[in-house]
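> So that we are looking at the same thing, I have put the structure below in structure tokens.
Computed from the coordinates by the stated procedures, all read-outs in this text should not be read as laboratory data. Remember, it's a predicted structure, so these values are computed and weren't measured experimentally. A quick note on method: Cβ atoms are made from the backbone with ideal geometry, for glycine too, and the neighbour counts reach across all protein chains shown.
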């Protein structure tokens, strides 16, 4: 079976659990790039992510735009602090990170590498963070572009700077409910980013 990587950013949040439930039903695996400050508050969800066999990745402590940050010390602290926390759940340091909003440059990559982190890009990244985005649009966006070897980037939480009354990722949850069986019907297995990378070794 051909494989695609399914990834989620900005959690853990109130939409993480229903997504985990859907992944379990469809026997799919995913990588969750978690915000450190959120992970500290929702340790229960982080433990379930790991227990269910998913991959845990670093999405900084506070959802900082890394390449726009002048201080290398601050960037290193954002990544290292999250690494330390995630290590308590994993028993070892995470190996992957995703810069918030994919805001990276060579300096950020070098700093992350010094902490044992590799950046994970996204090939298919619907704007599911946009409140105008419907579940039908998100699903159609992903399914129209899905092919073996791609990395799909979705969101299971709302980052600090976007939190306001009514902010939701329910359309993403509803889209995942449609995406998973449709991908399986095409013979595409959902795996973690690291599992997909193993295909290219």
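> On a 0 to 90° scale, report how tilted helix 170-185 is relative to the longest principal axis of the chain, with both axes built from alpha carbons and the result rounded to the nearest 10.
Value to nearest ten degrees: 60.
> Of 165, 126, 181, which has the largest mean-square fluctuation in a 10 Å C-alpha GNM of the chain?
165
> What shape does the range 142-201 take by its C-alpha gyration tensor, where a ≥ b ≥ c are the square roots of the eigenvalues and a/c under 1.5 counts as rounded, a/b above b/c as prolate, and the rest as oblate?
Values: a/c = 3.32, a/b = 1.70, b/c = 1.95.
Oblate, because a/c is 1.5 or more while a/b does not exceed b/c.
> When only alpha-carbon atoms are used, what values of Rg and Dmax, in angstrom, describe the range 80-143?
Computed over the Cα atoms of the range 80-143, radius of gyration and Dmax are 15.3, 41 Å.
> Only counting other Cβ atoms within 10 Å, I'd like 14, 64 sorted with the fewest neighbours first.
14, 64
> Something else: Among 156, 174, 21, which comes first, second and so on when ranked by fewest other beta-carbon atoms within 10 Å?
Details: 156 29, 174 17, 21 14.
Listed from fewest to most nearby Cβ atoms, that is 21, 174, 156.
> Can you tell me what percent of all Cα-Cα pairs in the chain are more than 27 Å apart?
When every Cα pair of the chain is considered, 24 percent fall beyond 27 Å.
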